[in-house]
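**Q** Dropping the structure in here first, questions after.
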Amino acid sequence: MEFKRNIIITGGAGFIGSHVVRLFVNKYPEYRIINLDKLTYAGNLANLKDVEDKENYAFVKADICDYETVKELMEKYNIDGIIHLAAESHVDRSIKDPFTFARTNVIGTLTLLQAAKEYWESLPEGYEGKRFYHISTDEVYGALELTNPEGIESPFTTKASSEHHHAYGTEFFTEETKYNPHSPYSASKASSDHFVRAFHDTYGMPTIVTNCSNNYGPYQFPEKLIPLFINNIRHRKPLPVYGKGENVRDWLYVEDHARAIDLIFHKGKIADTYNIGGFNEWKNIDIIKVVIKTVDRLLGRKEGEDMDLITYVTDRKGHDMRYAIDSRKLQRELGWEPSLQFEEGIEKTVRWYLDNQAWMDNVTSGDYQMYYDEMYKNR
Ligand SMILES: NC(=O)c1ccc[n+]([C@@H]2O[C@H](COP(=O)([O-])OP(=O)(O)OC[C@H]3O[C@@H](n4cnc5c(N)ncnc54)[C@H](O)[C@@H]3O)[C@@H](O)[C@H]2O)c1
């Protein structure tokens, strides 16, 4: 079958990547979607069970650092678009093992860029109609100060903004904010962003970079705050909170991020950067309280009865105080608007994890590796 476009999505078995793969496979039957993923501990093919048999979907187990394999794949499938999400993504792991982050996030991104460059430059039409879209994070901008610890009325809103609708400072990260990463994770992502822009400026590669705030929703590996806490509350295990829980993050429902990626991949301006976020700031401790109340309510417990599971632990080294994204450029230029209000998104998310305990047990036990071996050993 002849496809209109052939797109590699890297990291498609991970949290955000699986939502992007699902959206593209279902929305664009005329595109062939190749999910390139190494299946590290964070990659899980069970995240994509509902699309794995679709004709326009293929999975390839490979490392983005493996230049020959990536180049061969590009040639074999005549790739004209890359949406790059594969990464090591957990800050705590980067503090323990920064080399793995430099390897995957920096060398891996550079490998993809160089393979795309070599392949696209070998074609008669060159870079015409091609696109290299790199997914990055707001953490590259460093940290904002908590100038208003009690919260002030936020000057901006979107549909995602919570009913509680606070800002904890007057500054926001814009596309012009200077990079100032603090953790090995954000330093590696910043470095990869620079390489992507350098490939545009040096070779004319049609690149785009987006920087998004914290995502939440189904299929997130349960080392991250929201799924970890939902699971712990369910099993009445302690909820470790860094420092005083005062750190502020800006939360966006993962499907709204995937919709932004779709829009920007098709309509975004080459060589441009877009910040993605929903103007939805929360202190960690407040979000934990909302999650506790929601889990309690949905499990038929007394709302708030599990508050005593909160356990304050020594703060993370170099813990950034506040992230807050200004996404007005994306709203203004491409008309993107998140679809889900935070209170609705959190309810949907908690419900999903409670209804999918088997998924949770599976990813935490490592059984999904056996699932993979069984599914793919003979292909
Ligand atoms: N999670 C967030 O809140 C958030 C926010 C903004 C940006 N991002 C960015 O979005 C991207 C995806 O994040 P996520 O939370 O879905 O991550 P994740 O950790 O859930 O998934 C990462 C995926 O990449 C794969 N992978 C890792 N190393 C690889 C390698 N060397 N070769 C091929 N595949 C490899 C893993 O197997 C996994 O499937 C990352 O680039 C991250 O920096 C994440």
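**Q** Can you give the relative contact order of region 114-178 as a percent, counting alpha carbon pairs under 8 Å and 6+ residues apart?
**A** Result for region 114-178 is 29 percent.
**Q** For the pair ASP272/THR174, report the inter-label distance in nm, with labels modelled 7 Å from Cα in the Cβ direction.
**A** 1.6 nm
**Q** Do the sum for the chain: with -39,500 (n - 2.57) for every DSSP H run of n ≥ 4, divided by all residues, what is the mean residue ellipticity at 222 nm, to the nearest 500 deg cm²/dmol?
**A** After summing the helix terms and dividing by the residues of the chain, the value is -11500 deg cm²/dmol.
**Q** Another question, if that's okay. Could you give the angle, 0 to 90 degrees to the nearest 10, between helix 254-267's Cα long axis and the longest principal axis of the Cα atoms of the chain?
**A** For helix 254-267, the angle is close to 30 degrees.
**Q** Now, a different point. Within a 10 angstrom radius of the beta carbon, how do ILE107, ILE9, ILE34 rank from fewest other beta carbons to most?
**A** Sorted ascending by nearby Cβ count, the order is ILE107, ILE34, ILE9.
**Q** Can you give the Kirkwood hydrodynamic radius for region 135-264, in Å, rounded to one decimal and based on Cα pairs?
**A** Computed over Cα pairs of region 135-264, the Kirkwood hydrodynamic radius comes out at 17.1 Å.
**Q** Shifting gears a bit: So, in nm, how far is label LEU334 from label THR364 when the simple model puts each one 7 Å beyond its Cα toward the Cβ?
**A** My value for the distance between the label points is 3.6 nm.
**Q** Note down the relative contact order for the chain as a percent, whole number, built from C-alpha pairs under 8 angstrom at least six residues apart.
**A** Across the chain, relative contact order equals 18 percent.
**Q** Which FRET efficiency, nearest 0.05, do TYR77 and GLU52 yield, Cβ-Cβ r, R0 22 Å?
**A** 0.80
**Q** Find how much the distance from ASP308 to GLU150 grows on full extension, using 0.36 nm per residue of separation minus their present alpha carbon separation; answer in nm with one decimal.
**A** This chain segment gains 54.6 nm when fully extended.
**Q** Applying 1/(1 + (r/R0)^6) with R0 = 30 Å to the Cβ-Cβ distance of LYS237 and THR100, what FRET efficiency is obtained, to the nearest 0.05?
**A** My answer for the efficiency is 0.65.
**Q** Further question: Hey, quick one: spin label on MET1, modelled 7 Å out along Cα-Cβ, who in region 18-59 has an amide N within reach, i.e. under 17 Å?
**A** So the set is 21-35, 50-59.
**Q** How big is D, in µm² s⁻¹, for the chain by Stokes-Einstein at 10 °C and 1.306 mPa s if Rh is the Kirkwood radius over C-alpha pairs?
**A** Answer from the Stokes-Einstein relation: 75 µm²/s.
**Q** Could you line up MET74, MET360 from fewest to most neighbouring Cβ atoms inside 10 Å?
**A** With the fewest neighbours first, MET74, MET360 line up as MET360, MET74.
**Q** Mind listing the phi-derived Karplus ³J(HN,Hα) values for region 51-62, rounded to whole Hz, using 6.51, -1.76 and 1.60 with θ = phi - 60°, and x for any glycine or proline?
**A** Result, ordered by residue: 10, 5, 9, 5, 5, 9, 10, 9, 10, 10, 7, 7 Hz.
**Q** A follow-up question, please. Could you work out how far the C-alpha centroid of region 45-97 sits from that of region 294-350, in angstrom?
**A** So the two Cα centres are separated by 28 Å.
**Q** Please check which bits of region 262-282 a label hung off ASP315 would reach, taking the label as a point 7 Å along Cα-to-C-beta and the cut-off as backbone N under 18 Å.
**A** So the set is 282.
**Q** Looking at the chain as a GNM with Cα springs under 10 Å, which of ASP37, ASP138, ASP50 has the largest mean-square fluctuation?
**A** ASP50
**Q** With point charges of +1 on the Cβ of Lys and Arg and -1 on the Cβ of Asp and Glu, referenced to the Cα centre of region 5-376, which listed residue (SER186, ILE233, SER339) lies farthest in the positive direction of the dipole?
**A** ILE233
**Q** Now a separate question. Arranged by the count of other C-beta atoms within 10 angstrom, fewest first, what order do GLU333, GLU255, GLU163 take?
**A** In order of increasing Cβ crowding within 10 Å: GLU163, GLU333, GLU255.
**Q** Need the full-extension length gain, ALA198 to GLU223, defined as separation in residues times 0.36 nm minus the C-alpha distance. One decimal, nm.
**A** Extending this stretch completely gives an extra 5.7 nm.
**Q** Positive end of the charge dipole of the chain (Lys, Arg +1 and Asp, Glu -1 on Cβ, about the Cα centre): tell me which of THR109, SER136, VAL60 has its Cα farthest that way.
**A** Working it through, the farthest residue towards the positive pole turns out to be VAL60.
**Q** Separation between the ASN26 and GLN114 pseudo-spin-labels, each 7 Å from Cα along Cα→Cβ, expressed in nm?
**A** 3.9 nm
**Q** Along each of the three principal axes of the Cα atoms of region 306-349, give the extent in whole Å, ordering the values from largest to smallest.
**A** 43, 30, 10
**Q** OK, next. Name the long-range amide H neighbours of VAL241: under 5 Å, sequence gap of 5 or more, or other chain; modelled H, no Pro or chain starts.
**A** THR311, TYR312, VAL313
Read-outs throughout are calculated quantities, based only on the coordinates presented, and are distinct from any laboratory measurement. What you are looking at is a predicted structure, and each value in this text was computed from that prediction instead of being measured. Please note: Cβ atoms are built from the backbone with ideal geometry, for glycine as well, and neighbour counts cover all protein chains shown.
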